[in-house]
Amino acid sequence: MIESIDTSLIDWSRAQFAMTAMYHWIFVPLTLGLAVVMGIMETLYYKTGKEFWKKTAMFWMKLFGINFAIGVATGLILEFEFGTNWSNYSWFVGDIFGAPLAIEGILAFFMEATFIAVMFFGWGKVSKRFHLASTWLTGLGATISAWWILVANAWMQHPVGMEFNPDTVRNEMVDFWAVATSPVAVNKFFHTVLSGWVLGAIFVVGISCWYLLKKRNHEFALASIKIGAIFGLVASLLSAWTGDGSGYQIAQTQPMKLAAVEGLYEGGTNVGLVGIGMLNPEKKTYDDGKDPFLFCIEIPSMLSFLAERDVDGYVPGIANIIEGGYEMKDGTKALSAAEKIERGKTAIGALAAYRAAKSAGHEEDAQVAYKVLQENIPYFGYGYIKDVNQLVPNVPLNFYAFRIMVILGGYFILFFIVVLFFIYKKDLSKMRWMHWIALLTIPLGYIAGQAGWVVAECGRQPWAIRDMLPTSVAISKLDVSSVQITFFIFLFLFTVMLIAGAGIMVKAIKKGPETGNNVTINH
Amino acid sequence: MKNTLLSIWNFYLEGFRSMTLGRTLWIIILLKLFVMFFILKLFFFPDFLGNHPTDADKGNYVGNELIQRALPEKSIDF
């Protein structure tokens with residue numbers, strides 16, 4: 001029973017997975033971003049034949065290689081955790097999760113292993129055209145890998161294209177394309193990859209400004225800043241656009257996440273978007289009568305417009321979702337959480353009856369139970385919910401993480417515009433204060449990306465798979481102590497690797513790109 | 001065909017031989033993979049369902065878990 005699962009086991013398992021995923025996400029966005037930057041640099045070398053662009057491309061490739069080496073395979077630890085800590089989940093998702101991850105693994109291995117070798121070893125050994133193609137294909141391989149990972153993640157947020165098989169207790173894929181091209185996956189992919197591009201651009205501009213601060217590699221730094229800032233501005237604007245698309249998808253498929261992100265307890269039409277606000281820490285439950293905000297400034301009707309593309313659009317709040325009764329888009333009345341819980345229990349009871357009947361060889365009884373299961377399967381996960389308040393994600397965490405991401409996203413657009421203005425209209429090389437701002441913007445790029453994932457994953461709670469499997473049921477029955485031990489082992493290993501990686505990266509940056517024609521990624 | 005394979009082999013061999021920073025990075029990668037697969041995976045991350053030999057056994061175990069965690073009174077050993 002659910003009470004027999006120690007809540008600290010759930011917390012430690014979640015903490016361990018979050019730490020691993022966040023550590024992995026330190027490296028992935030920079031890989032995605034630098035892949036494009038070095039591709040652009042090498043394309044300029046290919047077009048102009050100037051040795052300067054070759055050296056510039058090689059320098060960013062070197063940093064790409066360091067980041068890639070430290071980050072590569074850290075994602076595999078997540079797969080270990082699936083098998084050990086999240087065994088119920090791993091079995092329950094069946095081939096839905098397995099297929100995209102298998103494709104990702106094969107693609108990552110063959111594309112990246114082949115073309116990354118040509119990119120690093122192939123200078124002067126293969127044609128310029130083939131080398132350039134290899135550089136772009138290395139980035140493309142990493143991006144396609146990201147696609148399949150995000151398809152798997154999007155399915156957890158919005159499960160589609162599958163049927164639950166009560167005989168195997170697994171979900172089976174019935175429509176590959178529904179899974180692979182779900183609107184949630186498409187938006188998530190573009191928004192996530194573009195956020196990686198933004199980080200790559202911030203990194204290039206920031207590191208280049210460090211050279212200006214140190215009064216060295218002047219030409220290289222200014223050229224890199226120009227390309228980085230243009231690339232970053234385009235990526236930031238596209239990221240804002242796809243972020244809007246992601247927000248729309250959340251409104252359509254995960255209204256509770258949207259309500260938590262906005263601190264919206266009572267919904268309605270013409271709902272405003274909270275621009276600036278501070279949540280009331282005294283508010284603990286949706287129906288405790290306390291005001292959700294100590295103060296807030298809203299943009300009138302904006303949330304309705306963003307969520308429904310209509311200023312008069314109806315956006316349900318946390319209380320509305322729990323109490324139900326509002327009219328859905330298809331004209332039906334929304335079920336209350338209590339009704340969903342009852343239907344979930346009916347579904348689980350039907351699964352038990354089906355399996356018992358099958359076990360006893362009572363085929364007719366099994367078919368009756370199967371029909372009941374199918375009628376109630378959309379609410380299967382609600383059968384595990386003991387208290388409707390469990391359905392509400394952590395509102396402060398989501399509210400503030402979302403605002404950190406959005407505010408930083410807006411700052412990045414402004415940052416790139418200002419950098420471009422100074423580099424084209426003024427002498428950026430003499431603006432030390434701007435160099436410092438650019439350098440200090442690098443960690444902000446990482447914070448924005450991590451905040452985005454906090455919203456994506458914590459906003460999904462209590463679900464591992466939305467409406468189907470709560471996190472508390474997805475976990476394996478392990479000793480809490482074993483999860484704690486592995487948590488601290490990871491913390492130690494990740495810290496050591498991060499320090500080692502940062503040390504190598506700093507050393508390579510200090511060495512700089514000025515090593516003449518002899519510089520290669522291998523030397 | 002033989003020449004092509006030989007060229008590819010030589011390409012990789014020369015590439016690896018000429019590495020300096022790359023060598024350090026490869027040591028880190030290999031060390032990391034060793035720790036992951038031969039220490040973490042082996043001693044700390046066993047396949048939790050591994051002691052259920054067949055898929056049917058695994059399905060039965062997870063099925064029972066899913067039922068028990070919601071409806072303990074329906075606990076059945078299938």
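The values are calculated or read from the model by the stated rules, or taken from the named source; none is laboratory data. Values in this document were obtained by computation on a predicted structure and should not be read as measured data. Cβ sites come from the backbone with ideal geometry, for glycine too, and all protein chains shown count toward neighbours. Surface accessibility is based on the protein's heavy atoms, side chains included, excluding ligands, DNA and RNA. Shrake-Rupley method; radii C 1.70, N 1.55, O 1.52, S 1.80 Å.
Viscosity 0.692 mPa s, temperature 37 °C: give me the Stokes-Einstein translational D for region A:347-409 in µm²/s, with Rh taken as the Kirkwood radius over C-alpha pairs.
Reported coefficient: 226 µm²/s.
Roughly speaking, to the nearest percent, how much of the protein assembly as shown's 1.4 Å accessible area is carbon and sulfur?
Result for the protein assembly as shown: 66 percent of the exposed heavy-atom area is carbon or sulfur.
Please name whichever of A:380, A:346, A:369 sits farthest to the positive end of the charge dipole of region A:337-388, dipole taken about the Cα centre and charges placed at Cβ: Lys and Arg +1, Asp and Glu -1.
Of the options given, the answer is A:380.
Counting each pair of different Cα atoms once, what's the Kirkwood radius of the protein assembly as shown in Å, rounded to one decimal?
It works out to 26.1 Å.
If you take all C-alpha pairs in chain B, what percent of them are over 14 Å apart?
Counting pairs separated by more than 14 Å, the tail of P(r) holds 77 percent.
For residue A:218, what accessible surface area do you get with a 1.4 Å probe? Give it in Å², rounded to 10.
100 Å²
Name the residues whose placed amide hydrogens come within less than 5 Å of the amide hydrogen of residue A:275, ignoring near sequence neighbours (fewer than 5 apart) on the same chain.
A:297, A:298, A:299
Which of the residues in region A:327-357 show a loss of at least 30 Å² in accessible area from their chain by itself to the complete set of protein chains, at a probe of 1.4 Å?
For region A:327-357, once contacts with the other chains are taken into account, A:348, A:352, A:355 lose 30 Å² or more.
State the answer as a single residue: which of B:38, B:70, B:49 lies farthest towards the positive end of the charge dipole of chain B, with beta carbon charges of +1 for Lys and Arg and -1 for Asp and Glu, about the Cα centre.
Of the listed residues, the answer is B:38.
At 0.36 nm per residue, minus the direct Cα-Cα distance, what do residue A:19 and residue A:508 gain on full extension? Give it in nm, one decimal, please.
Stretched fully, the residue A:19-residue A:508 segment lengthens by 173.3 nm.
Near residue A:13, within a Cβ-to-Cβ distance under 13 Å, what is the net charge of the other residues, with Lys and Arg +1 and Asp and Glu -1?
Cβ neighbours under 13 Å give a net charge of -2.
Mind listing the long-range amide H neighbours of residue A:172? Cut-off is under 5 Å, sequence gap 5 or more, other chains count too, H placed in the peptide plane at 1.01 Å from N.
Answer set, sorted by chain and number: A:163, A:164, A:165.
May I ask for the net charge around residue A:254, where only other residues with Cβ less than 15 Å from the Cβ of residue A:254 are counted and Lys, Arg are +1 while Asp, Glu are -1?
+2
Show me you know the interface measure: the accessible area buried between B and A, both chains summed, probe 1.4 Å, in Å² to the nearest 100.
Buried: approximately 4400 Å² between A and B.
Quick one: which residues, 5 or more positions from residue A:293 or on another chain, have an amide H under 5 Å from its amide H? H modelled 1.01 Å from N in the peptide plane, none for Pro or chain starts.
Distant-sequence amide H within range of residue A:293: A:280.
Quick check: net charge around residue A:139, other residues with Cβ under 14 Å of its Cβ, Lys/Arg +1 and Asp/Glu -1?
That works out to -2.
Separation of region B:18-78 and region A:410-487 by C-alpha centroid, Å?
28 Å
Just the accessible area per residue of region A:259-323, please: how many Å² with a 1.4 Å probe?
Here the residues of region A:259-323 average 49 Å² of exposed surface.
Compute the accessible area per residue over region A:409-523, keeping the other protein chains in place, probe 1.4 Å, unit Å².
On a per-residue basis, 46 Å².
Hey, got the dipole for chain A? About the Cα centre, +1 on K and R Cβ, -1 on D and E Cβ, debye to the nearest 20?
3140 debye
Scanning chain A for helices, which whole DSSP H stretches are 24 Å or more long along the axis (Cα) and average -0.5 or more by Kyte-Doolittle?
Span-like helices, by this rule, are A:7-48, A:51-71, A:128-157, A:183-213, A:218-253, A:337-360, A:395-425, A:432-458, A:480-511.
Show log10 I(q)/I(0) for region B:1-44 at q = 0.14, 0.20, 0.34 Å⁻¹, two decimals, from a solvent-free Debye sum over equal Cα scatterers.
Listed by q, the Debye log ratios stand at -0.53, -0.71, -1.02.
Please compute the Kirkwood hydrodynamic radius over region A:355-502, one decimal place, Å, based on all pairs of different Cα atoms.
For region A:355-502, inverting the mean 1/r across all distinct Cα pairs yields 20.7 Å.
Return the lysines within reach of residue A:214: Cα separation strictly under 18 angstrom, same-chain partners fewer than 8 residues apart disregarded; answer none if there are no such residues.
A:430, A:507, A:510, A:511
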